[in-house]
Amino acid sequence: MSGVASGRACSVCGAPARPPFRAPTAELAPDLDHRPGEPARSTLPRWVATCRRCGASGPDFAVLPAGASEVVRSDDYRALRAPGPAMPFLRWALICEWTGDPTGAAEATLHAAWALDDAGQDATELRRRAAVLFGEPDGPEETLRLIDVLRRAGEFGAAVARAAVLDGAALDENSAAILAFQRDRIAAADPARYMISSALRPPARRPHVTHGRAEAAGFWGRLFGR
């Protein structure tokens, strides 16, 4: 089979498996919920693959977590076999959740929401589900991301409560700017998508998307691909 690496097989049924897709490096700013910019953004449908024989889904269905076989054979998993842009991500989310990886499940559920966005469908409930799965954020940057997920789900009260957690926190310049931007958008009951660059003050004589390139380090540097 063309494109299938020798020896690679589905973890569940043993069918031939292609190597996992590697998205190109993003050149534009990510969204406030960390969806990468182009050209990586448009490759979303290729982030999760599905075995044609058994229906196992994952970024690499040749390397699924222990216990995935039982999940794939379950009635709940079979209920997700219908076609649709979000379904591969929801199948992967169920595998993650049932095999003890709630963070992976949250990421996959949020990716499913992005897929519905691209299809022009309502992703509100998926964002609400992702917010629950994310649980307690690990640090200010993840809190800011959760605030965006809640805002875009129309959960403005919950977003305000999350923002209040950061009151008095020692935030870097980028984080403080994003928090202020989020509070403004929440007050306006605005559930729209925004890029991180929209929340950052543009530097003099440089494109908005390059804000912070010289000083970006740590989390923000990694998120911007620098």
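Throughout, read-outs are computed from the coordinates displayed, never taken from laboratory work. Fair warning: this is a prediction, and the values are worked out from it, not measured in the lab. Backbone-built Cβ (ideal geometry, glycine too); neighbour counts: all protein chains shown.
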The distance between the Cα centres of segment 74-150 and segment 29-62, in whole Å, is 12 Å
Quick note on W47, W98, W92, ordering by fewest other C-beta atoms within 10 Å, gives W98, W47, W92
Taking R91, R162 and counting other beta carbon atoms within 10 angstrom, the fewest-first order is R162, R91
Residues other than Q182 with Cβ under 12 Å of its Cβ, Lys/Arg counted +1 and Asp/Glu -1, net out at +2
Options (i) 112; (ii) 141; (iii) 126 for volume of the Cα convex hull per residue in Å³; the value derived from the coordinates is listed as (ii)
What helix-only [θ] at 222 nm does the chain give? Using -39500 (n - 2.57) per DSSP H run of at least 4, over all residues, to the nearest 500, the answer is -12500 deg cm²/dmol
The size of the Cβ-based charge dipole (Lys, Arg +1; Asp, Glu -1) of the chain about the Cα centre, to the nearest 20 debye, is 820 debye
Around A93 (Cβ within 12 Å, Cβ-to-Cβ, excluding A93; K/R +1, D/E -1) the net charge comes to -2
Between the residues G104, C54, P83, the Cα farthest towards the positive end of the dipole of segment 32-135, that dipole coming from +1 and -1 charges on the beta-carbon of Lys, Arg, Asp and Glu, is from C54
Footprinting proxy, H111, H34: sorted fewest to most Cβ within 10 Å, the residues are H34, H111
